[in-house]
Amino acid sequence: MKQLALHGGPKAKTVPYGKGLRFNGNELKYLQEALEQNTLFYSFGKQVQAACDAMRAYTGLEYVAACTSGSAAIHLGLIAAGIGPGDEVVCTPNTDNGTVLGIMEEGAVPIFCDCGYHLQPTPESIAAVLTPRTKAVVVVHLMGYPAPVDAIVALCTQHGIPVVEDCAQSWGTRLHGQLVGTFGIAGCYSTNDFKHLSTGDGGFVALSDQSLYRRITSYADKGYDRMFKGEESGWYHGINYRMSELQGAVARAQLERVDEITGRFNARGTQMRRLLKDLPGASMVPVINGAYTTCWKTVLITRPAELSAPRETLIEALQAEGITATTYAQYDLILKRLFTERIVRPWLEVPRSQYPFVQPDGREYHYSLDSTPVHGELLETALFIPLHGFHTEQDVEETAEGVWKVFSFFAKNPS
């Protein structure tokens, strides 16, 4: 057994992780075109429209709305679902703030279902929290892995509940050959700089229903109905979520290479899964049947009973090997931080800000990890290892070697 770098041995990672140019397509060309238009307003220029055309081709859906961020996209998806004050919206707790901010902005209440060990919601976990007040379900396809969204949509259809898909971390991800974001009433995508595709910030909503498309494009443009040439839409309120022509130009170029970009993530994730098979004391997050993944991160679920060291020591040893490992609990995708430290607590310090968690009819909503036991367990046992499309085969091989080195050392019964 090789000596750990933590104990003075050589590092498993012998070369720096690979890097590459993200914006090496037609970004500059389209940005130049945008500037030559002498306008950067979306309804006067051509770039945002071209990006939406590219998204229509990518998703196969007839209608696409551009917006300022993935958070805005999810908010618009919820507007399409028709949520309002006092409604309940179900989602998993291991998600970004942006998934729930739109719920609260409309005076609705997030209701958390548990995730499975694949990190995704299940029909069973959603069914367990449905009530007569449930107005929508947000399916978060986390970290490039698909949720069993086909079964979830079937369940929700029985109850007349629309499904909105959060695909912010799952560009290119498919289930049974079908792109995530095309199962429910709205697929919501992010082009934040930390996602597979980047425009710095930005987002898209893809739909198949023209009336819902009209509703969200009007809402995203402060109630203006420019997409329908000023005809009366009957939807007079909204907010400014307009994408600029500069974002549209970059999105257009990025979408020309979306399969190439996401394919690299799939290749590296597939390689990592093969190399970490049968790892002692831990395993990569499982993948559901029919999944095509575009792994945004590697998630290892440790089995503490099989290891002689706590997770913190494992992470310290991995980092000593040159691997940038962190705990799942340190990441922002957790209910504990989302609803105690970052959102709810500041709101509750001001009495009038208890809404929507205290409703006018006296309903009160409280959150506890006890209601999501699998999620709570993952907070204690899982860890992240970054994975990127520019990582080379050598990067993945050396990372896997370092993981095997650390877990074999600390395994109570090494193979």
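The values are calculated or read from the model by the stated rules, or taken from the named source; none is laboratory data. Owing to the predicted nature of the structure, the values given are computational and were not obtained by experimental measurement. Cβ placement follows ideal geometry from the backbone for every residue including glycine, while neighbour counts extend to all protein chains displayed.
The table below lists the values:
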read-out: Pick from segment 359-392, criterion assigned to a loop (DSSP other than H, G, I, E, B) and among the polar types (S, T, N, Q), ranking: farthest from residue 328 (Cα to Cα); value: 359
read-out: Output for segment 255-301, where each listed residue is among the hydrophobic types (A, V, I, L, M, F, W, C), in contact (Cβ under 8 Å) with a residue 40 or more places away in the chain and farther than 28 Å from residue 413 by Cα; value: 255, 258, 261, 265, 288, 291, 295, 296
read-out: Index of the failed condition, residue 10 passing every other in (1) assigned by TED's automatic domain parsing to the domain that holds residue 139; (2) modelled with pLDDT of 95 or more; value: (1)
read-out: Residue within segment 50-62 that is aromatic (Phe, Trp, Tyr) and not in a helix (DSSP H, G or I) present; value: no
read-out: Any hit, segment 113-134, residues being buried (at least 24 other Cβ atoms within 10 Å of the Cβ) and touching a Pro at 6+ places or on another chain (Cβ under 6 Å); value: no
read-out: Residue that is modelled with the highest pLDDT, among those in segment 66-95 that are in a loop (DSSP other than H, G, I, E, B), within 19 Å of residue 141 (Cα to Cα) and not small (Gly, Ala, Ser); value: 92
read-out: Residue match in segment 50-64 (condition: small (Gly, Ala, Ser), touching a Ser or Thr at 6+ places or on another chain (Cβ under 7 Å) and buried (at least 20 other Cβ atoms within 10 Å of the Cβ)); value: no
read-out: Candidates 166, 209, filtered to the one that is surrounded by fewer than 19 Cβ atoms within 10 Å (Cβ to Cβ) and acidic (Asp, Glu); value: 209
read-out: Qualifying residue in segment 296-304 (condition: closer than 17 Å to residue 396 by Cβ and modelled with pLDDT of 90 or more); value: yes
read-out: Filter pass, residue 115 being within 17 Å of residue 155 (Cα to Cα) and in contact with a His (Cβ under 6 Å, 6 or more places away or on another chain); value: yes
